[in-house]
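Participant: Here's a structure for you.
The values are calculated or read from the model by the stated rules, or taken from the named source; none is laboratory data. Here the structure is a predicted model, which is why all the values come from computation and not from measurement. No Cβ is skipped: glycine too gets one built from the backbone with ideal geometry, and neighbour counts run over all protein chains shown. Ligands, DNA and RNA are stripped out before the accessible areas are found, and what is left, the full protein with its side chains, is counted by its heavy atoms. Shrake-Rupley method; radii C 1.70, N 1.55, O 1.52, S 1.80 Å.
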Amino acid sequence: MSAGTRDRDDTAPVFVQEPKVLGIPRSAIPKILMPLAIGIVTLIAWDAVVRINNIPYYILPGPLLVGETLIKDWGTLYPSLVITLQIMGAALTVAVLGGVTLAVMFSLSKWVELSFFPYAVILQVTPIVAIAPLILIYVDDMRLALLICAWIVAFFPILSNTTLGLNSADHNLRNLFQLYGATRTQELFLLRLPAAMPFFLGGLRIAGGLSLIGAVVAEFAAGTAGAGSGLAYRILEAGYRLNIPRMFAALILISLTGICIFMIFTALQHFVLRKWHESAVKREN
Amino acid sequence: MSALPVAAPRAALSPLVRLAAVNKVFSNGTVALKAMDLAVGDNEFLSLLGPSGCGKSTVLRLISGLGEVSSGSIDWPRAGTDATGEPQRDLSFVFQEPTLMPWATVLDNVVLPLRLAGVAKTERIERAREAIRLVHLDGFEGAYPRELSGGMKMRVSIARALVTRPKILLMDEPFAALDEITRFKLNNDLLELWQSQKWTVIFVTHSVFESVYLSNRIVVMAARPGRVFSELAIDAPYPRDESFRTSARYAELCRVTSESLRKAMAQ
């Protein structure tokens, strides 16, 4: 058998390089243009409804007024946005560290998993609005209380997805590691953790959105009595003052934050998995 | 030159591994193997041939130490033991699937057994590159498994098996999922490697043609319970190539082997 008869390219998959427009792959352009068009149409319709019906701004402000308020009140809204982002970021960080650590412990010891998993589920199924008032009573530091609330909701998807991922390493690969006398640490770092990566990233994407929801819900539970001044607090405060345009402006900032988190984690997922995972592969059939 | 239903005698003298009266009963009560005797000698190319459910894969797993025998023994007369009293089997396993880590490049996949064994970095990379050259995949060190065809993935799997320079190579229907053209090519490459690397190969297959082409001994197994039905010595000389595959001698050997398999299945 000579080296000349290699089966290099018999049925190897072909990866296509797509033509790009303005640095964006051509197939992705409708994905951007279509929602954008719907958004613009909706804004115009909103504006038209407000103008034609002469709806007063304290009942429903038009989109232009909301935009104006966003700029005018930036001095108040921006510090609140930063606080919400800080709480979210901290909660997510703790959720990732705690979730992954606990998942690894679960995968190393069946006993730990049997003992603790039900409590993780209880933490997850109890609505955060129901727990938040208690946390706010027991924890003096408002920021810390909000962080705990956000952490509770963000923690579970990371834990459950990572646990699932760690246990779904290919059976034959596990046998292979066993055959070559791999230690548990080697098996964890070279096999289980890489195999869990797609699951973890999926969990992270969910947890990112949930941590924002957790931070906002907890602040609502705290009400204006709390000294917190995140975006949810601004919505409550503006509501009491019937400052409807500012309520919309704060709401828009919360939505944009959520969208950004989703996009960042989707990009991260794609970046990490692009070399090997089916979810990140584009094939020409 | 004839295919006689007798055991090859050289294995019996000083076997590398010997199975004596091995029984294997699974926890659900299935008798996978019954009173299995088998001795495998140096530089043999032994095929275990039989219908599905005859326990041929179980034999491989037991030899590799992935399972425990229910009764009977598996001896490694010439191997030392490690700290835990386990025999140092010095074997590699090629599964039916390529079983590659999808997140690792070809090089990282091939280097894995050496990495687990704690071989120094420069040495293990050098050895992995050499193994990749032996399976004719040089130039693909940086490719990921999903970029490779089925045949190429199997080559990577073989490279990973040979990187530890094992005495015994266990192969569990490695080419069953490949198309015939690729399979023939890999058959030839495997024979070439077997001759140059002085391995002992235990090859599980359900293909009469593949087993006759590759082996110098075929153990035909019967199912329910899994057991040895007969042994055939395939005494055609190596190197074997396409002219052997098309020869009357090959056809004759296939006919005899098929006959034996048919009898085993009629039991």
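Participant: Compute the Cα gyration tensor for the range B:118-167, then decide on rounded, prolate or oblate, letting a ≥ b ≥ c be the square roots of its eigenvalues: rounded whenever a/c is under 1.5, prolate when a/b is larger than b/c in the other cases, and oblate in all that remain.
Facilitator: In terms of gyration-tensor shape, prolate.
Participant: From the convex hull of the Cα coordinates of the range B:71-138, what is the mean projected area in square nanometres? Could the numbers behind the result be given before it?
Facilitator: Values: hull surface 28.6 nm².
Result: 7.2 nm².
Participant: Assuming R0 = 25 Å, what is the FRET efficiency of A:Cys260 and A:Met105, from their Cβ-Cβ distance, to the nearest 0.05?
Facilitator: Working from the Cβ atoms, E equals 0.20.
Participant: Sticking with this one: Would you work out which of A:Ser80, A:Gly62, A:Leu102 lies farthest towards the positive end of the dipole of the range A:61-280, given +1 charges on the beta-carbon of Lys and Arg and -1 on that of Asp and Glu, about the Cα centre?
Facilitator: A:Leu102
Participant: Would you mind giving the mean number of other chain beta-carbons within 10 Å of the Cβ of each residue in A:186-199, as a whole number?
Facilitator: 2
Participant: Would you please calculate the Kirkwood hydrodynamic radius of the range A:13-147 over all C-alpha pairs and express it in Å, rounded to one decimal?
Facilitator: Values: mean 1/r = 0.0477 Å⁻¹.
It works out to 21.0 Å.
Participant: Please state, rounded to one decimal and in Å, the Kirkwood hydrodynamic radius that the protein assembly as shown gives when every pair of distinct Cα atoms enters the mean of 1/r. Present the calculation step by step, with values, prior to reporting the outcome.
Facilitator: Values: mean 1/r = 0.0352 Å⁻¹.
Mean inverse Cα-Cα distance, inverted, gives 28.4 Å.
Participant: What accessible area, in Å² to the nearest ten, does a 1.4 Å probe give for B:Arg124?
Facilitator: 40
Participant: For the protein assembly as shown, with every protein chain kept in place, what is the accessible area per residue (1.4 Å probe, Å²)?
Facilitator: Roughly 49 Å² per residue, with all protein chains present.
Participant: Looking only at Cα atoms, what is the convex hull volume of chain B per residue, in Å³?
Facilitator: For chain B, the hull spanned by Cα atoms encloses 137 Å³ per residue.
Participant: Once you charge only the Cβ atoms, +1 for Lys and Arg and -1 for Asp and Glu, what is the size of the charge dipole of the protein assembly as shown about its Cα centre, to the nearest 20 debye?
Facilitator: On the way: 52 positive and 45 negative charges, 40 e Å.
With only Lys, Arg, Asp and Glu charged at Cβ, the dipole is about 180 debye.
Participant: Report the extension gain between B:Gln197 and B:Ser14 in nm, rounded to one decimal, defined as 0.36 nm multiplied by the number of residues separating them, less their alpha carbon distance. Don't skip to the end; give the middle numbers.
Facilitator: On the way: separation 183, 0.36 × 183 = 65.88 nm, distance 1.97 nm.
Taking 0.36 nm per residue and subtracting the Cα distance, the gain is 63.9 nm.
Participant: Follow-up. Can you give the translational diffusion coefficient of the range B:150-267 in µm²/s, computed by Stokes-Einstein from the Kirkwood radius over Cα pairs at 37 °C and 0.692 mPa s?
Facilitator: Translational diffusion coefficient: 217 µm²/s.
Participant: Between B:Ala177 and B:Gln88, what is the FRET efficiency for a Förster distance of 41 Å, r being their Cβ-Cβ separation, to the nearest 0.05?
Facilitator: In this case the efficiency is close to 0.85.
Participant: Right, next: Compute the convex hull volume of the Cα atoms of the range A:102-239, divide it by the residue count, and report the result per residue in Å³ as a whole number.
Facilitator: Normalising the Cα hull of the range A:102-239 by residue number yields 113 Å³.
Participant: Grab the other residues whose beta carbon is less than 12 angstrom from that of A:Ile252, score K and R as +1, D and E as -1, and report the net.
Facilitator: After counting each charged neighbour, the total is +1.
Participant: Another one. Please compute, for peptide B:103-109, the average count of beta-carbon atoms on other protein chains lying within 10 Å of each residue's beta-carbon.
Facilitator: Per-residue shielding by partner chains comes out at 3.
Participant: With a ≥ b ≥ c taken as the square roots of the eigenvalues of the C-alpha gyration tensor of chain A, please select rounded if a/c is under 1.5 and otherwise prolate if a/b is larger than b/c or oblate if it is not?
Facilitator: Working: a/c = 3.54, a/b = 1.40, b/c = 2.52.
It is oblate, given that a/c is not under 1.5 and a/b is not larger than b/c.
Participant: Would you look at the GNM of chain B, springs on alpha carbons closer than 10 Å, and say which of B:Lys153, B:Lys24, B:Lys121 moves the most?
Facilitator: Judging by the Gaussian network model, the answer is B:Lys121.
Participant: Among A:246-258, A:204-216, how do they line up by average Cβ neighbours within 10 Å per residue, starting with the highest?
Facilitator: The densest-packed peptide leads the list: A:204-216, A:246-258.
Participant: Before we go on, tell me the buried accessible area for the B/A pair, both chains summed, 1.4 Å probe, in Å² to the nearest 100.
Facilitator: The buried area between B and A, both sides summed, comes to about 3200 Å².
Participant: Further question: Which percent of the accessible heavy-atom area of the range A:61-280 goes to carbon and sulfur, probe 1.4 angstrom?
Facilitator: C and S fraction of accessible area: 71 percent.
Participant: Among B:228-238, A:69-79, A:117-127, what's the highest-first ranking by average C-beta atoms within 10 angstrom per residue? Write down the numbers at each step before the final one.
Facilitator: Details: B:228-238: 17.9, A:69-79: 14.8, A:117-127: 12.2.
Per-residue mean Cβ counts within 10 Å order the peptides as B:228-238, A:69-79, A:117-127.
Participant: By average Cβ neighbour count within 10 Å, what is the ranking of B:96-104, B:173-181 from highest down?
Facilitator: Details: B:96-104: 20.4, B:173-181: 17.1.
Listed from highest to lowest mean packing, they are B:96-104, B:173-181.
Participant: Could you list the square roots of 5 times each eigenvalue of the Cα gyration tensor of the range B:101-216, that is, the equivalent ellipsoid semi-axes, sorted largest first and rounded to whole Å?
Facilitator: For the range B:101-216, the ellipsoid semi-axes come out as 24, 17, 11 Å.
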